[in-house]
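One structure is given below, encoded as structure tokens.
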Amino acid sequence: MGEFKVHRVRFFDYMPSGIRALAFNRDTERMAVARMDGSVEIFHCSDRFFQEKIIPGREQCGIEGLSWVGERLFSAGLNGGITEYDLTNQKVKYTIDAYGGPIWTITGNQQGTHLAVGCEDGTVKLFEVNEDKIQFERNLDRQKSRIVSLSWHPSGSKIAAGMMDMIQIFNVETGHSIHRMLADRGVGTSRSKECVVWSVVYLSDGTIVSGDSVGMVKLWDDQTGTLIKSHNVTKCDVLALSVSQNEDSLVAGTSEGTVVQFQFVSMVLGKDDNEWVRTRTFKNHTHDIRAVAEITTAVVSGGMDAQLVVKPLLDKIEVRSAASALRKIHFPHRRLVFCARKSGLMLFQYPGHLELWRLGESEGKGIPGSSLFVKRNPEKLLHLKVKGEDHIRCSAVSPCGEWIVYSTASSLRLYRLHCDNNNVSITKISKLPKVLSSANQLCFSSDSSHLFSASTQSSVHIVSLSQSGCKFVGTLKPKSGSHQAIHLLAASEDGEWLASANSDHEVHIYNLQTRKAHCTVPVYSSAVTAMGIHATTNCLFMMYADQQMCEYSIEQKQYTDWSRTVQRKGLHRLWMERDTPCLNVMFNPQNPSHVILHDTYMLCIIDQSLPLPDDKTQFYNQLTLKSLTEEQRKSHSHAFKVCKTFKDILCVELISDQSLVVVERPLEDVATQLPAPIKQKKFAT
Amino acid sequence: MAALYEGYTLCGDGTVQNSSNIGILGVEQGRDIDHVLVTDSSRFITVYKVSDQRPTGSWSVKQGQMISCPAVFNTQSQEYVVVTDDKVVRVWNEDDVNLEKAFKATVSADVLRVLSATDSEPVVLFCCGAVRFLDLLLASPQQPIEHVLNTFPINWSKCTKRGEHCLYVQRFDPNTLVKHRFETEPGLSAPISFSATCRGSNIHLLYLYLNGSVYESVLPLRRSSTGAEGVLSLSRSLCLSLPLGEEKLMSGAVVVLDEAHVAVVGFPHPSAGPCKDYLCIWNTHFQTLQACKEMAGRIYNQLWCYSGKLYIPHGKMLSVIPFECQKSSLAAALGKLKQTSQSESKSCSFVSSWTVQTYSDVTQTAEMKSRMSTKNNSDVKSALTVDQLIEHIKTSAVEDVQAEVGEFIRWTPQADLQLAVGRLALELVSRSQTDANFYPQCVFLQLLETRYLCYSVCPELLSLAMVKKDFHLCQIAFQIFSDIPEAVTCSYLKTILSTPDSEMETVNLDTDSVMFMKELTRAQSRSDEEGGQLNGFCSPALESDVSDSPSNKLQRDPLALDMSCPVGLHKGALLNEVLQAAYSDRPLLPHLKDLTVPQVFLQYLRFLYFKYCHDAHKQIRALRTPSISQIIDWVCLLLDAHFTVLAVAPEAKRLVSDLHKFVRSQVKLYAELCKIEGSLQVLKNSKRSEDFGMYAIQVIELF
């Protein structure tokens, strides 16, 4: 089948940022995740946890809390502001100051009318949620210490607030405190340290659950203001609590990295006197768990170790499937590495800067499995810092390696790169057309003569590039449909076609000659995670979050025969069970029937000329094939050639000399750069 | 249990050839059990002396000629027989150098196999199904051969012949042929491998299908000749279902080792993944895998078994793998039974080479004779039969009985002995019970030493010994019997504990066990002298105890507490035997509750436990010693059974608290070890990661 020279790159020092808050929207099944760097991500829980939207963060914006109000998302942070997000265009809509100092917590009531925030100055502030903004309404009785956590009673008439050493219950109507419940401090030396009530949950039956820095999960009665029961969960802090929708299960996240589940079960079979009983403990984190959320069938948790863990609750799952497996999301579902195919350059996108590297060169030939002598080491050409506080949203390098472009929420910058021998210099292109003020996604045409910039309302602006500068050419607009931001762009090799995919799963194809919409691919229920246009056949190859794949003939405006065959026969079980989305689609110019794909754990070449595997076929057959003779291989091979040599892959790209670039980010390397976990249990480690 | 020992290569490289399974045509028994005859598919016939792993003779046929069936050794005439080019029978002896000059005869039909049996004339099986004795055939080589099978070709043969799904059994005296039809299932082709054994008056035929099923059919050796005509259907019973891997199997082979064990090649190991290159021994009674061995290189699905050794071609060599199958009991199958040590079990490993023999009446007696000849006495037979001996037992004096039984055991073949020993024991016990003066201890010991006796055969024996306080016999019985009920174990324990030490010390016991006890108690006094801190080990319990109550400091080291043995040497030796007996805890527990003074026993167990933790036993060379897990199991059981007694009784308080202290210190020690294990694990893991730095250019190949 073939040999490939692989540039195995591990010097991309990408560090995922720790998770600070989670908010689950039951109606839309979306999980909002806030990270330490201020970015907010939206995951689609019923579409294999695909990361649909990313709103990049900015410097100095520590988000402390997230809250959905209907389909609107709000966050609040230590900078004292409350932010609403524009989820359609994936950016911040507005920020207003609450004037109460740093905000520790934000929560909306179930009725969707009010937001409550807990401030450093000891006030709980209520905001009315209006049509397009929020409006400060009033303060509840001011307390002496900061408000660390808040929870509305489902009726919306009372609020429980966790503070230093105590929990207060407020009547929302009057704003007065009804009860004050004291949380015990720890024993021994921690006696002098105050007990922080990190999290409270107010249940509809009047029970208040609290998690504190002493390691206790306590249950209180709001009628009498007394402690019902307390569970010692850990020696360190209980940082987060979450209750299931029907209030029969509760999860607590601790700074040891464990998630402890409590269930409301009857102690005597058949009787109705239920009690909260500690049932299960999950340990999937190495560091503090800063946020947990119990969704319909799983517990989602995130913390300092920057991974989002989805632990399915097997008692709530009826059919065992790929959706019911433990899922750990380490890396974003977007590309962070771009290659200039024709010049062997790589662009690494970090939150606050870009790095441009030149690949190394090898000498001689080697047998498969061997490493070649590296004649020239890879070289860092450029370190480009972002102007302003906003983080990079998207970036691109042109195939010829001459142009670099990036965009933040507020600005877009285009640079021209001059490389002669060892002197590298860049010039910023000034006087950009007005339409290029910001982009959701960027892409160059294959001859590097045009830049495509995805803008608001699913439109794409075309800019022509030349020695003298750049010129606005036109705007491609979809015929109809949603205005969701575009997250993928793909231009054809011959410069004829451009495809765009947005978060409503729509894929539009434009004719670049006429600059008109050509057609729309039938909308599929799952999000497009990667796509590419075939160089010779001009077929659009799409990968979906649910691991399905489609090939759509642009010229004939219909699915190809191969695609129909795949749909009819179905994909192999092992292919469908993979838990990371494919992030890039490439085509082998030497063999038009080869499609190259990759996800986090594998690299796959699909040979469209070979038969598809059925469920009885051995799917991962490379080792078997290796041991067979040339003749026998023919009868054993199938279309999916999966290479598992690499892991923790961020990017695979085919460059023009037929070699592959594989950018890996080993999780061990990430782990070594994380701060030390709170507790070191093992001897000498 | 069965075990496969380390094998060795008989012949390697080149002798077994290339890819197909025609490398070796066959391995046959040579002139004695130490010689085998290897026929390879090219042109060579080689005799190997197995124990020396070297060839002692080799013959080849001329270029262009082809050996068409494995050569055999004719034990009657001490000559070798082989068939070349399907029709030419060649006979030669050890001294002949050139095969071309040997005697040859051309017969009129194609020969399939020549089958040889000990002490009988070889039999020639023709492709058409007819059978002739070799000597009769050679007398007139061109005699016409009738077509027994006109419809089906024979594609496989051993002692039986088969066409598609029929089995033919040829018997020589009288000369009859019976045709059996296999029970078949749809979708299942013919069996791929056969193995037959002769047990009692039946032939047991074991055969293997591609779907992993092993069936057994029993054919009576003597059948009334009336039913001989026509096709009989062959009833079968499933005795083993082998696990199938993912890959489709093409072939496999099965060989019967004894009545409960079979060796299988070509089927995957149930837990080792899809690799088929395993030689496995299965127990057909309990359907358990008893032993397995991975063979390097390809396995050709050929397997032979002669005199306790398996011959298996694999890769480019032919390996000899000695094995042994012990008598299987449920306890052994469940792993509850202690493993008998190698030296003991060797005596009882007898495996007869069943596979390639014609099972006529002739062979059965031959079989018996050959076994007797291994005892270097083929002519003398025991003067007495079992029945006569039993009559004698009823009346004779102890000395006479002893002599007669000794004589009987010496001369009786092993298979018969197994039945006879039980009857003798029963008879002896019943006489001893009625006649108070009659107690032939030596005879019982002799019977026990045959190892054919077990508890269930003669339950009264042990209770008799207990009544007579014959602790020596009890000790030997506990060593040998593996099926002693828990109730009996407990009553024996009670008897031991209730007997005063003074009485016990006079008893003559197994010297090995007494020596162990002596060493154990001596080791204690020695370590006391040395201060018990050879390597600077200072247990955490010691430290914590000291810090708990400083006044303890002046007292004795709590670990060295009271390290003197609480019971006498002989009592200890007997208790050790009980500790090593097989048991199941659930049935044992209620009986253990009846033990009136558990303290003494617990004290002794604690003593052993201390000793073991100080590694005292390691220096002692003894054949049978209780293992530390056995000791701990018994401590747990005893604590379970007597929890309330130990909690209430004031005299037990000190014992229990000492034990607790010691256990706590052990737990702490192991907790520390866990930590070390964790850090070592991390060190190991960190090394394992493939390290090429930040950048490499590699070549990968996809197929």
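If you go through region A:356-387 and keep only what is more than 10 Å from chain B (Cβ to nearest Cβ) and touching a residue at least 40 places away in the same chain (Cβ under 8 Å), you end up with A:L356, A:L381, A:L382, A:L384.
Residues are listed down the side, and each one gets a yes or a no for (1) under 28 Å from the mean Cα position of the chain (by Cα); (2) without any contact (Cβ under 8 Å) to a residue 60 or more places away in the chain:
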| residue | (1), (2) |
| --- | --- |
| A:P433 | no, yes |
| A:S455 | yes, yes |
| A:V463 | no, yes |
| A:V473 | no, yes |
| A:A485 | yes, no |
| A:W497 | no, yes |
| A:A501 | yes, yes |
| A:V507 | yes, yes |
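Looking at B:S432, B:S353, just one residue is of a type outside the set (A, V, I, L, M), modelled with pLDDT of 75 or more and in contact with a Phe, Trp or Tyr (Cβ under 9 Å, 6 or more places away or on another chain), and that residue is B:S432. Pairing each residue of region A:289-316 that is under 13 Å from A:R48 (Cα atoms) with any residue that is surrounded by 21 or more Cβ atoms within 10 Å (Cβ to Cβ) and hydroxyl-bearing (S, T, Y), provided the two are 6+ apart or on different chains, yields C-beta distances under 7 Å for A:V309/A:S301. Of all residues in region A:653-666, those satisfying the criterion of being more than 10 Å from every other protein chain (Cβ to nearest Cβ) and surrounded by fewer than 17 Cβ atoms within 10 Å (Cβ to Cβ) are A:S656, A:D657, A:Q658. Kindly check whether there is at least one residue in region B:630-649 that is in contact with a Leu (Cβ under 8 Å, 6 or more places away or on another chain), surrounded by fewer than 15 Cβ atoms within 10 Å (Cβ to Cβ) and assigned to a helix (DSSP H, G or I). Looking through region B:630-649, at least one residue is in contact with a Leu (Cβ under 8 Å, 6 or more places away or on another chain), surrounded by fewer than 15 Cβ atoms within 10 Å (Cβ to Cβ) and assigned to a helix (DSSP H, G or I). Scanning region A:123-179 for residues that are out of contact with any Gly (no Cβ under 7 Å at 6 or more places or on another chain), of a type outside the set (A, V, I, L, M, F, W, C) and within 29 Å of A:R191 (Cβ to Cβ) yields A:S151, A:G162, A:D165, A:Q168, A:S177. Find the residue count for region A:240-256, including only residues that are surrounded by fewer than 23 Cβ atoms within 10 Å (Cβ to Cβ) and more than 21 Å from A:G206 (Cβ to Cβ). So the answer is 0. Comparison of B:C474, B:C458 shows that the only residue that is assigned to a loop (DSSP other than H, G, I, E, B) and surrounded by 21 or more Cβ atoms within 10 Å (Cβ to Cβ) is B:C458. Among the residues of region B:84-119, those identified as surrounded by 14 or more Cβ atoms within 10 Å (Cβ to Cβ) and small (G, A, S) are B:A102, B:A105, B:A109, B:S116, B:A117. Yes or no: B:Y695 within 14 Å of another protein chain (Cβ to nearest Cβ) and at pLDDT 85 or above? For B:Y695, the condition - within 14 Å of another protein chain (Cβ to nearest Cβ) and at pLDDT 85 or above - is met.
Among A:T95, A:T88, which is without any contact (Cβ under 8 Å) to a residue 24 or more places away in the chain, more than 14 Å from chain B (Cβ to nearest Cβ), of a type in the set (S, T, Y) and at negative phi?
Numbers: A:T88 fails: without any contact (Cβ under 8 Å) to a residue 24 or more places away in the chain.
Going through A:T95, A:T88 in turn, the sole match is A:T95.
Taken over region A:1-52, the criterion of being assigned to a strand (DSSP E or B) and of a type in the set (A, V, I, L, M) is satisfied by A:V6, A:V9, A:I19, A:A21, A:L22, A:A23, A:M31, A:A32, A:V33, A:A34, A:V40, A:I42. Restricted to region A:38-51, and to residues there that are modelled with pLDDT under 95 and charged (D, E, K, R), the residue that is surrounded by the most Cβ atoms within 10 Å (Cβ to Cβ) is A:R48.
Can we say A:T520 is surrounded by 15 or more Cβ atoms within 10 Å (Cβ to Cβ), at pLDDT 95 or above and under 28 Å from the mean Cα position of the chain (by Cα)? Full working, then the answer.
Working: surrounded by 15 or more Cβ atoms within 10 Å (Cβ to Cβ): yes; at pLDDT 95 or above: no; under 28 Å from the mean Cα position of the chain (by Cα): yes.
Taking the combined requirement at face value, the residue does not satisfy it.
The single residue among B:P500, B:P485 that is of a type outside the set (A, V, I, L, M, F, W, C) and surrounded by 16 or more Cβ atoms within 10 Å (Cβ to Cβ) turns out to be B:P485.
The values are calculated or read from the model by the stated rules, or taken from the named source; none is laboratory data. The model shown is predicted, which means the values in this text are computed figures rather than measured ones. Counting neighbours? That spans all protein chains shown, and the Cβs are built from the backbone with ideal geometry, glycine included.
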